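Engineer: Here you go, one structure.
The values are calculated or read from the model by the stated rules, or taken from the named source; none is laboratory data. Keep in mind the model is a prediction, meaning the values are calculated, not measured. Cβ: placed from backbone, ideal geometry, glycine included. Neighbour counts: every protein chain shown. Only protein heavy atoms, including side chains, enter the accessible area calculation; ligands, DNA and RNA are left aside. Shrake-Rupley method; radii C 1.70, N 1.55, O 1.52, S 1.80 Å.
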Amino acid sequence: MKRLLVTGGCGFIGSEFVRQQLANYPDQTVVNLDALTYAGNVENLAALEGNPRYEFVHGDITDRNLIDTLLKDKPFDAVVHFAAESHVDRSLLDSGPFVRTNVLGTQVLLDASRAAKVDKFVHVSTDEVYGSLGATGLFTEETPLAPNSPYSASKASSDMLVRSYFHSFHFPAVITRCSNNYGPYQFPEKLIPLFITNLMANEQVPIYGTGTNVRDWIHVSDHCRGIDAALRKGMPGEVYNFGGRCEKTNMEITLLLLELLEKPQSLIRYVADRPGHDLRYAIDCSKAERELGWTPQVVFSEGLRDTINWYRENTTWTSRVKSGAYRQYYQQQYASRLA
Ligand code: NAD
Ligand code: TYD
(Lines give C-alpha, C1' and ligand atoms only; values in the text may rest on other atoms or scores of the structure.)
(Ligands and ions follow the chains in the order given, each with its own letter.)
Protein backbone atom coordinates (compact mmCIF):
# COMPACT_ATOMS: atom_id res chain seq x y z
CA MET A 1 0.00 0.00 0.00
CA LYS A 2 2.30 2.75 -1.20
CA ARG A 3 -0.28 5.20 -2.53
CA LEU A 4 -3.56 5.85 -0.74
CA LEU A 5 -6.52 7.94 -1.79
CA VAL A 6 -8.52 9.06 1.25
CA THR A 7 -11.90 10.78 0.83
CA GLY A 8 -13.20 13.10 3.56
CA GLY A 9 -9.76 13.48 5.16
CA CYS A 10 -10.56 16.99 6.42
CA GLY A 11 -13.30 15.66 8.70
CA PHE A 12 -13.04 14.29 12.22
CA ILE A 13 -12.17 10.62 11.61
CA GLY A 14 -10.53 11.02 8.18
CA SER A 15 -8.03 13.56 9.52
CA GLU A 16 -7.01 11.23 12.37
CA PHE A 17 -6.58 8.41 9.83
CA VAL A 18 -4.36 10.55 7.55
CA ARG A 19 -2.18 11.61 10.51
CA GLN A 20 -1.84 7.99 11.66
CA GLN A 21 -0.99 6.65 8.19
CA LEU A 22 1.75 9.21 7.54
CA ALA A 23 3.22 8.71 11.01
CA ASN A 24 3.17 4.90 10.89
CA TYR A 25 4.15 4.15 7.25
CA PRO A 26 7.18 6.23 6.22
CA ASP A 27 7.16 5.04 2.58
CA GLN A 28 3.47 5.80 2.01
CA THR A 29 1.87 8.80 0.29
CA VAL A 30 -1.68 10.04 0.92
CA VAL A 31 -3.89 12.11 -1.35
CA ASN A 32 -6.87 13.57 0.52
CA LEU A 33 -9.95 14.45 -1.54
CA ASP A 34 -12.42 16.60 0.36
CA ALA A 35 -15.21 18.98 -0.64
CA LEU A 36 -14.75 21.08 2.54
CA THR A 37 -18.39 21.12 3.59
CA TYR A 38 -19.29 22.75 6.92
CA ALA A 39 -17.70 19.68 8.58
CA GLY A 40 -14.41 19.74 6.68
CA ASN A 41 -11.52 21.88 7.96
CA VAL A 42 -8.12 22.16 6.29
CA GLU A 43 -6.72 23.22 9.69
CA ASN A 44 -7.33 19.66 10.89
CA LEU A 45 -4.27 18.69 8.83
CA ALA A 46 -2.34 21.97 9.01
CA ALA A 47 0.60 20.13 10.58
CA LEU A 48 1.08 18.24 7.28
CA GLU A 49 1.51 21.36 5.13
CA GLY A 50 4.76 21.01 3.18
CA ASN A 51 4.97 17.25 3.81
CA PRO A 52 6.02 15.78 0.41
CA ARG A 53 4.05 12.58 1.15
CA TYR A 54 0.75 14.43 1.57
CA GLU A 55 -1.43 16.18 -1.01
CA PHE A 56 -4.83 17.84 -0.60
CA VAL A 57 -7.29 17.93 -3.51
CA HIS A 58 -10.37 20.11 -3.10
CA GLY A 59 -13.24 18.33 -4.80
CA ASP A 60 -16.54 16.51 -4.55
CA ILE A 61 -16.88 12.73 -4.70
CA THR A 62 -19.99 13.09 -6.88
CA ASP A 63 -17.89 14.76 -9.62
CA ARG A 64 -17.24 11.81 -11.94
CA ASN A 65 -14.86 13.72 -14.25
CA LEU A 66 -12.72 14.87 -11.35
CA ILE A 67 -12.61 11.40 -9.77
CA ASP A 68 -11.81 9.69 -13.09
CA THR A 69 -9.01 12.16 -13.80
CA LEU A 70 -7.61 11.81 -10.29
CA LEU A 71 -7.58 8.02 -10.44
CA LYS A 72 -6.15 7.94 -13.99
CA ASP A 73 -3.43 10.50 -13.34
CA LYS A 74 -2.27 9.00 -10.08
CA PRO A 75 -2.46 5.25 -9.80
CA PHE A 76 -3.57 4.41 -6.26
CA ASP A 77 -3.10 1.08 -4.52
CA ALA A 78 -6.14 1.64 -2.34
CA VAL A 79 -9.04 3.96 -1.59
CA VAL A 80 -10.28 4.58 1.95
CA HIS A 81 -13.68 6.21 1.79
CA PHE A 82 -14.75 8.42 4.71
CA ALA A 83 -16.48 11.30 2.88
CA ALA A 84 -20.08 11.56 3.99
CA GLU A 85 -22.77 13.69 5.49
CA SER A 86 -22.54 12.29 9.00
CA HIS A 87 -25.05 13.86 11.39
CA VAL A 88 -28.44 12.26 12.13
CA ASP A 89 -30.07 15.55 13.23
CA ARG A 90 -29.17 17.25 9.94
CA SER A 91 -30.54 14.28 7.97
CA LEU A 92 -33.88 14.80 9.72
CA LEU A 93 -33.95 18.42 8.54
CA ASP A 94 -32.93 17.65 4.93
CA SER A 95 -32.03 14.22 3.61
CA GLY A 96 -31.08 15.50 0.12
CA PRO A 97 -27.34 16.04 0.75
CA PHE A 98 -27.18 12.63 2.48
CA VAL A 99 -28.51 10.78 -0.55
CA ARG A 100 -26.31 12.83 -2.88
CA THR A 101 -23.00 12.36 -1.07
CA ASN A 102 -23.48 9.06 0.74
CA VAL A 103 -25.26 7.13 -2.02
CA LEU A 104 -24.44 8.84 -5.32
CA GLY A 105 -20.92 9.80 -4.20
CA THR A 106 -20.14 6.22 -3.18
CA GLN A 107 -21.43 4.91 -6.53
CA VAL A 108 -19.21 7.37 -8.44
CA LEU A 109 -16.20 6.42 -6.35
CA LEU A 110 -16.89 2.70 -6.77
CA ASP A 111 -17.17 2.98 -10.57
CA ALA A 112 -14.01 5.06 -10.91
CA SER A 113 -12.05 2.82 -8.50
CA ARG A 114 -13.19 -0.29 -10.33
CA ALA A 115 -12.13 1.18 -13.69
CA ALA A 116 -8.76 2.12 -12.17
CA LYS A 117 -8.35 -1.43 -10.79
CA VAL A 118 -7.41 -0.45 -7.25
CA ASP A 119 -6.19 -3.33 -5.07
CA LYS A 120 -8.41 -2.47 -2.11
CA PHE A 121 -11.40 -0.26 -1.32
CA VAL A 122 -12.32 0.34 2.32
CA HIS A 123 -15.83 1.67 2.83
CA VAL A 124 -16.14 3.32 6.24
CA SER A 125 -19.65 2.73 7.55
CA THR A 126 -21.52 2.80 10.82
CA ASP A 127 -23.28 0.50 13.28
CA GLU A 128 -26.37 2.68 12.79
CA VAL A 129 -27.20 0.67 9.64
CA TYR A 130 -28.29 -2.16 11.98
CA GLY A 131 -31.05 -0.04 13.53
CA SER A 132 -31.71 -0.06 17.27
CA LEU A 133 -31.20 -2.66 20.01
CA GLY A 134 -33.45 -3.23 22.99
CA ALA A 135 -32.06 -3.49 26.50
CA THR A 136 -29.91 -6.53 25.65
CA GLY A 137 -27.95 -8.03 22.74
CA LEU A 138 -25.13 -6.83 20.47
CA PHE A 139 -24.82 -6.02 16.77
CA THR A 140 -22.79 -8.64 14.88
CA GLU A 141 -21.82 -8.57 11.21
CA GLU A 142 -24.81 -10.90 10.59
CA THR A 143 -27.40 -8.57 12.13
CA PRO A 144 -29.88 -7.62 9.37
CA LEU A 145 -29.73 -4.01 8.23
CA ALA A 146 -32.69 -1.96 9.55
CA PRO A 147 -31.72 1.72 9.36
CA ASN A 148 -34.05 4.15 11.11
CA SER A 149 -32.85 7.66 10.18
CA PRO A 150 -32.24 9.19 6.75
CA TYR A 151 -28.52 9.26 7.68
CA SER A 152 -28.35 5.54 8.49
CA ALA A 153 -30.57 4.71 5.50
CA SER A 154 -28.15 6.51 3.17
CA LYS A 155 -25.18 4.69 4.76
CA ALA A 156 -26.99 1.33 4.48
CA SER A 157 -27.69 2.09 0.80
CA SER A 158 -24.01 2.77 0.19
CA ASP A 159 -23.08 -0.45 2.04
CA MET A 160 -25.43 -2.38 -0.27
CA LEU A 161 -23.82 -0.82 -3.35
CA VAL A 162 -20.36 -1.81 -2.07
CA ARG A 163 -21.60 -5.34 -1.36
CA SER A 164 -23.04 -5.61 -4.87
CA TYR A 165 -19.76 -4.53 -6.52
CA PHE A 166 -17.95 -7.32 -4.69
CA HIS A 167 -20.64 -9.84 -5.57
CA SER A 168 -21.06 -8.83 -9.24
CA PHE A 169 -17.54 -7.78 -10.20
CA HIS A 170 -15.25 -9.29 -7.51
CA PHE A 171 -14.37 -5.71 -6.68
CA PRO A 172 -11.96 -5.93 -3.69
CA ALA A 173 -14.02 -3.97 -1.19
CA VAL A 174 -14.22 -4.27 2.59
CA ILE A 175 -16.89 -2.63 4.75
CA THR A 176 -16.21 -1.43 8.30
CA ARG A 177 -18.99 -0.55 10.74
CA CYS A 178 -18.06 1.36 13.87
CA SER A 179 -19.91 2.66 16.91
CA ASN A 180 -19.90 6.28 18.17
CA ASN A 181 -16.47 7.95 18.01
CA TYR A 182 -15.11 10.68 20.28
CA GLY A 183 -11.78 12.53 20.33
CA PRO A 184 -10.08 15.71 19.08
CA TYR A 185 -11.27 17.62 15.99
CA GLN A 186 -14.86 16.34 16.19
CA PHE A 187 -17.31 18.91 14.86
CA PRO A 188 -19.17 20.32 17.89
CA GLU A 189 -22.63 19.29 16.73
CA LYS A 190 -22.26 15.70 18.00
CA LEU A 191 -23.00 14.90 21.66
CA ILE A 192 -19.54 14.90 23.31
CA PRO A 193 -17.90 17.92 21.60
CA LEU A 194 -21.16 19.92 21.71
CA PHE A 195 -21.51 19.34 25.44
CA ILE A 196 -17.81 20.01 26.18
CA THR A 197 -17.80 23.30 24.28
CA ASN A 198 -21.18 24.43 25.64
CA LEU A 199 -20.11 23.70 29.21
CA MET A 200 -16.78 25.49 28.70
CA ALA A 201 -18.86 28.56 27.76
CA ASN A 202 -21.28 27.99 30.70
CA GLU A 203 -24.09 27.31 28.21
CA GLN A 204 -26.85 24.74 28.73
CA VAL A 205 -26.53 21.18 27.38
CA PRO A 206 -29.67 19.88 25.61
CA ILE A 207 -30.51 16.26 26.47
CA TYR A 208 -32.97 14.67 24.06
CA GLY A 209 -35.87 12.90 25.78
CA THR A 210 -34.94 11.27 29.08
CA GLY A 211 -31.20 10.79 28.49
CA THR A 212 -31.53 7.01 28.76
CA ASN A 213 -30.43 6.22 25.18
CA VAL A 214 -27.24 4.18 25.08
CA ARG A 215 -24.24 4.49 22.76
CA ASP A 216 -21.05 2.36 22.63
CA TRP A 217 -18.16 4.87 22.69
CA ILE A 218 -14.81 4.34 20.99
CA HIS A 219 -11.82 6.66 20.73
CA VAL A 220 -11.20 7.85 17.16
CA SER A 221 -7.60 6.56 17.23
CA ASP A 222 -8.86 3.02 17.97
CA HIS A 223 -11.34 3.27 15.10
CA CYS A 224 -8.58 4.39 12.72
CA ARG A 225 -6.30 1.54 13.80
CA GLY A 226 -9.19 -0.79 12.96
CA ILE A 227 -9.63 0.75 9.51
CA ASP A 228 -5.88 0.36 8.94
CA ALA A 229 -6.13 -3.34 9.89
CA ALA A 230 -9.08 -3.79 7.52
CA LEU A 231 -7.10 -2.08 4.75
CA ARG A 232 -4.07 -4.33 5.16
CA LYS A 233 -5.57 -7.62 6.40
CA GLY A 234 -9.31 -7.46 5.64
CA MET A 235 -10.74 -10.05 3.24
CA PRO A 236 -12.56 -8.59 0.21
CA GLY A 237 -16.32 -8.96 0.55
CA GLU A 238 -16.17 -9.03 4.35
CA VAL A 239 -17.69 -6.70 6.94
CA TYR A 240 -15.85 -5.85 10.18
CA ASN A 241 -17.53 -4.26 13.20
CA PHE A 242 -15.54 -2.00 15.54
CA GLY A 243 -16.70 -0.86 18.96
CA GLY A 244 -15.26 0.25 22.28
CA ARG A 245 -17.10 -2.15 24.63
CA CYS A 246 -18.04 1.05 26.44
CA GLU A 247 -21.79 1.43 26.72
CA LYS A 248 -22.99 4.62 28.40
CA THR A 249 -26.32 6.39 28.61
CA ASN A 250 -26.36 9.99 27.44
CA MET A 251 -27.06 10.99 31.05
CA GLU A 252 -23.96 9.12 32.26
CA ILE A 253 -21.86 10.97 29.66
CA THR A 254 -23.40 14.30 30.69
CA LEU A 255 -22.77 13.77 34.42
CA LEU A 256 -19.16 12.73 33.72
CA LEU A 257 -18.57 15.86 31.62
CA LEU A 258 -20.11 18.09 34.30
CA GLU A 259 -17.80 16.52 36.88
CA LEU A 260 -14.63 16.75 34.75
CA LEU A 261 -15.39 20.35 33.77
CA GLU A 262 -16.53 21.25 37.31
CA LYS A 263 -19.90 22.65 36.17
CA PRO A 264 -23.30 22.58 37.95
CA GLN A 265 -26.12 20.19 37.05
CA SER A 266 -28.35 23.24 36.55
CA LEU A 267 -26.82 23.51 33.06
CA ILE A 268 -28.73 20.36 32.02
CA ARG A 269 -31.70 21.19 29.80
CA TYR A 270 -34.18 18.46 28.82
CA VAL A 271 -35.52 19.09 25.31
CA ALA A 272 -37.94 17.33 22.95
CA ASP A 273 -36.69 13.92 21.85
CA ARG A 274 -35.14 13.29 18.43
CA PRO A 275 -37.80 11.83 16.10
CA GLY A 276 -37.24 8.08 15.68
CA HIS A 277 -34.41 8.19 18.28
CA ASP A 278 -32.60 4.82 18.34
CA LEU A 279 -32.58 3.47 21.90
CA ARG A 280 -29.33 1.55 22.09
CA TYR A 281 -26.26 0.69 19.99
CA ALA A 282 -23.72 -1.92 21.16
CA ILE A 283 -21.15 -3.77 19.09
CA ASP A 284 -19.76 -7.28 19.13
CA CYS A 285 -16.27 -6.63 17.73
CA SER A 286 -14.93 -10.17 18.26
CA LYS A 287 -14.61 -10.85 14.50
CA ALA A 288 -12.22 -7.91 14.07
CA GLU A 289 -10.28 -9.06 17.14
CA ARG A 290 -10.03 -12.63 15.84
CA GLU A 291 -9.41 -11.98 12.16
CA LEU A 292 -7.63 -8.61 12.11
CA GLY A 293 -5.71 -8.83 15.40
CA TRP A 294 -7.27 -5.51 16.46
CA THR A 295 -8.63 -4.50 19.84
CA PRO A 296 -9.78 -1.16 21.29
CA GLN A 297 -7.07 0.23 23.58
CA VAL A 298 -8.01 3.69 24.85
CA VAL A 299 -9.60 3.67 28.32
CA PHE A 300 -12.73 5.85 28.12
CA SER A 301 -12.03 7.99 31.22
CA GLU A 302 -8.51 8.80 29.91
CA GLY A 303 -9.65 9.40 26.33
CA LEU A 304 -12.41 11.71 27.53
CA ARG A 305 -10.04 13.70 29.78
CA ASP A 306 -7.58 14.12 26.84
CA THR A 307 -10.45 15.15 24.56
CA ILE A 308 -11.56 17.83 27.04
CA ASN A 309 -7.97 19.08 27.23
CA TRP A 310 -7.81 19.24 23.43
CA TYR A 311 -10.94 21.43 23.28
CA ARG A 312 -9.54 23.61 26.09
CA GLU A 313 -6.32 24.10 24.14
CA ASN A 314 -8.01 24.73 20.77
CA THR A 315 -10.58 27.40 21.48
CA THR A 316 -9.74 29.29 18.26
CA TRP A 317 -10.67 26.21 16.22
CA THR A 318 -13.88 25.77 18.19
CA SER A 319 -15.02 29.37 18.00
CA ARG A 320 -14.36 29.43 14.27
CA VAL A 321 -16.31 26.23 13.50
CA LYS A 322 -19.09 27.18 15.93
CA SER A 323 -19.69 30.58 14.32
CA GLY A 324 -21.65 31.76 11.27
CA ALA A 325 -23.78 29.12 9.55
CA TYR A 326 -23.32 26.68 12.43
CA ARG A 327 -24.78 29.16 14.98
CA GLN A 328 -27.81 29.56 12.76
CA TYR A 329 -28.23 25.77 12.45
CA TYR A 330 -27.84 25.30 16.23
CA GLN A 331 -30.35 28.00 17.11
CA GLN A 332 -32.88 26.61 14.63
CA GLN A 333 -32.33 23.04 15.88
CA TYR A 334 -32.83 23.90 19.56
CA ALA A 335 -35.57 26.47 19.08
CA SER A 336 -37.65 23.68 17.52
CA ARG A 337 -36.76 21.26 20.35
CA LEU A 338 -37.67 23.78 23.07
CA ALA A 339 -40.95 24.75 21.43
P1 NAD B 1 -17.34 14.46 9.40
O2 NAD B 1 -18.71 15.00 9.14
O3 NAD B 1 -16.54 15.00 10.52
O4 NAD B 1 -16.46 14.60 8.07
C5 NAD B 1 -16.94 14.31 6.78
C6 NAD B 1 -15.92 14.83 5.78
O7 NAD B 1 -16.39 14.48 4.45
C8 NAD B 1 -15.74 16.34 5.80
O9 NAD B 1 -14.38 16.68 5.73
C10 NAD B 1 -16.48 16.80 4.55
O11 NAD B 1 -15.97 18.01 4.01
C12 NAD B 1 -16.28 15.63 3.63
N13 NAD B 1 -17.33 15.53 2.58
C14 NAD B 1 -18.67 15.59 2.77
N15 NAD B 1 -19.30 15.51 1.59
C16 NAD B 1 -18.35 15.36 0.63
C17 NAD B 1 -18.38 15.20 -0.77
N18 NAD B 1 -19.53 15.19 -1.46
N19 NAD B 1 -17.20 15.05 -1.43
C20 NAD B 1 -16.01 15.08 -0.74
N21 NAD B 1 -15.93 15.26 0.59
C22 NAD B 1 -17.09 15.39 1.28
O23 NAD B 1 -17.57 12.89 9.55
P24 NAD B 1 -16.82 11.84 10.49
O25 NAD B 1 -17.48 11.83 11.81
O26 NAD B 1 -15.36 12.06 10.39
O27 NAD B 1 -17.22 10.48 9.74
C28 NAD B 1 -16.42 9.96 8.69
C29 NAD B 1 -17.02 8.67 8.19
O30 NAD B 1 -17.12 7.73 9.28
C31 NAD B 1 -18.45 8.82 7.65
O32 NAD B 1 -18.57 8.01 6.50
C33 NAD B 1 -19.33 8.31 8.77
O34 NAD B 1 -20.54 7.78 8.26
C35 NAD B 1 -18.45 7.25 9.38
N36 NAD B 1 -18.68 6.97 10.82
C37 NAD B 1 -18.69 8.01 11.72
C38 NAD B 1 -18.88 7.72 13.07
C39 NAD B 1 -18.86 8.82 14.12
O40 NAD B 1 -19.07 8.54 15.31
N41 NAD B 1 -18.58 10.07 13.77
C42 NAD B 1 -19.04 6.39 13.50
C43 NAD B 1 -19.01 5.37 12.54
C44 NAD B 1 -18.83 5.67 11.20
P1 TYD C 1 -24.89 12.06 18.21
O2 TYD C 1 -23.57 12.53 18.76
O3 TYD C 1 -25.69 12.97 17.34
O4 TYD C 1 -24.61 10.66 17.50
P5 TYD C 1 -25.66 9.54 16.93
O6 TYD C 1 -26.99 10.15 16.82
O7 TYD C 1 -25.07 9.26 15.59
O8 TYD C 1 -25.57 8.40 17.88
O9 TYD C 1 -25.82 11.66 19.44
C10 TYD C 1 -25.41 10.72 20.42
C11 TYD C 1 -26.55 10.58 21.41
O12 TYD C 1 -26.72 11.81 22.11
C13 TYD C 1 -27.89 10.28 20.76
O14 TYD C 1 -28.61 9.39 21.61
C15 TYD C 1 -28.58 11.63 20.70
C16 TYD C 1 -28.05 12.33 21.93
N17 TYD C 1 -27.93 13.80 21.84
C18 TYD C 1 -28.52 14.62 22.82
O19 TYD C 1 -29.17 14.13 23.77
N20 TYD C 1 -28.38 15.97 22.71
C21 TYD C 1 -27.69 16.55 21.68
O22 TYD C 1 -27.62 17.80 21.61
C23 TYD C 1 -27.07 15.69 20.70
C24 TYD C 1 -26.32 16.28 19.54
C25 TYD C 1 -27.23 14.33 20.82
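Engineer: Convex hull volume of the Cα atoms in the stretch 293-339, per residue, in Å³?
Structural biologist: Normalising the Cα hull of the stretch 293-339 by residue number yields 149 Å³.
Engineer: Need the list of lysines near LYS322 for cross-linking: C-alpha distance under 30 angstrom, and skip anything on the same chain fewer than eight residues off.
Structural biologist: Within the straight-line limit of under 30 Å, LYS322 reaches these lysines: LYS155, LYS190, LYS248, LYS263.
Engineer: Residues with amide H under 5 Å of ASN180's amide H, sequence separation 5 or more or different chain, H placed in the peptide plane at 1.01 Å from N; which?
Structural biologist: ASP216, ILE218
Engineer: Continuing with the same structure: Evaluate the Debye formula for the stretch 82-196 with equal point scatterers sitting on the alpha carbons, no solvent, and hand back log10 of I(q)/I(0) at q = 0.20 Å⁻¹, in q order, two decimals.
Structural biologist: -1.15
Engineer: Take the chain, connect every pair of alpha-carbon atoms lying under 10 Å apart with a spring to form a Gaussian network, then pick out the residue of ALA173, ALA146, ALA135 with the largest mean-square fluctuation.
Structural biologist: ALA135
Engineer: Please check which bits of the stretch 142-164 a label hung off LEU93 would reach, taking the label as a point 7 Å along Cα-to-C-beta and the cut-off as backbone N under 17 Å.
Structural biologist: 150-152
Engineer: Take the solvent-accessible surface of the protein heavy atoms, probe 1.4 Å, and return the percent of it on the stretch 203-281 that carbon and sulfur atoms account for.
Structural biologist: Answer for the stretch 203-281 is 52 percent, counting heavy atoms of protein chains only.
Engineer: Once the cut-off is 23 Å, how many percent of the Cα-Cα pairs in the stretch 5-104 end up in the long-distance tail?
Structural biologist: So the pairs more than 23 Å apart make up 26 percent of the total in the stretch 5-104.
Engineer: Once you have a ≥ b ≥ c as the square roots of the Cα gyration tensor eigenvalues for the stretch 263-308, tell me rounded if a/c is under 1.5, and otherwise prolate or oblate according to whether a/b is larger than b/c.
Structural biologist: Taking the square roots of the gyration eigenvalues as a ≥ b ≥ c, the stretch 263-308 is oblate.
Engineer: How big is Rg to Rh over the chain, alpha-carbon atoms, Rh as the Kirkwood inverse-mean-distance radius?
Structural biologist: A ratio of 0.94.
Engineer: Where the centroid of each part is defined by its Cα atoms, how far is the stretch 245-290 from the stretch 49-88 in Å?
Structural biologist: 33 Å
Engineer: Taking every pair of Cα atoms in the stretch 212-282, average 1/r, invert it to obtain the Kirkwood radius, and report Rg/Rh to two decimals.
Structural biologist: Radius of gyration over Kirkwood radius for the stretch 212-282 works out to 1.12.
Engineer: Still on this model: Quote the charge dipole size of the stretch 4-153 about the Cα centre in Debye, to the nearest 20; the model charges only the Cβ of Lys and Arg (+1) and of Asp and Glu (-1). Display every interim value, and only then the final one.
Structural biologist: Numbers: 10 positive and 20 negative charges, 56 e Å.
That gives a dipole near 280 debye.
Engineer: Something else now. Give the span of the stretch 186-234's Cα atoms along each principal axis, as three whole-Å numbers ordered largest to smallest.
Structural biologist: 45, 24, 12
Engineer: To continue, here is another question. Taking every eigenvalue of the Cα gyration tensor of the stretch 182-339, multiplying by 5 and rooting it, what semi-axes result, largest first, whole Å?
Structural biologist: In descending order the semi-axes read 30, 18, 16 Å.
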